[in-house]
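See structure below.
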Amino acid sequence: MKKTILHIDYKVPAFVLFFSGICFGELIGIIIAILDRDFLGIVTGACLGIGLGFAGAAFTLLTLWIFNVFADNLGGWQIKIKDEYAKETKE
């Protein structure tokens with residue numbers, strides 16, 4: 001069975017990249033704070049995390065918007081799905 005994906009929902013990938021950017025930035029901030037032995041590293045990491053989160057989410061939204069606009073013209077993604085259940089019920 002072949003299916004074609006023509007549009008991708010934007011919410012889940014944008015949220016995942018936003019929150020992973022925040023976590024990654026906070027991790028960098030904690031490492032900077034440990035190396036510098038200063039509280040400013042944590043605040044810097046928070047700002048860096050929010051910036052990375054917004055940048056990742058914006059890049060994801062832009063990429064998915066471009067894909068969704070051109071997916072109809074390009075034909076989408078062809079996906080093959082094995083239907084094992086139908087084979088078992090026919091036998």
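Surface composition of the range 7-78: carbon and sulfur atoms hold 79% of the protein heavy-atom accessible area at a 1.4 Å probe. Accessible area per residue for the range 16-65, computed on protein heavy atoms with a 1.4 Å probe, is 68 Å².
The values are calculated or read from the model by the stated rules, or taken from the named source; none is laboratory data. The structure displayed is predicted, hence computed values, not measured ones. For accessibility, only protein heavy atoms count, side chains too; no ligands or nucleic acids. Shrake-Rupley method; radii C 1.70, N 1.55, O 1.52, S 1.80 Å.
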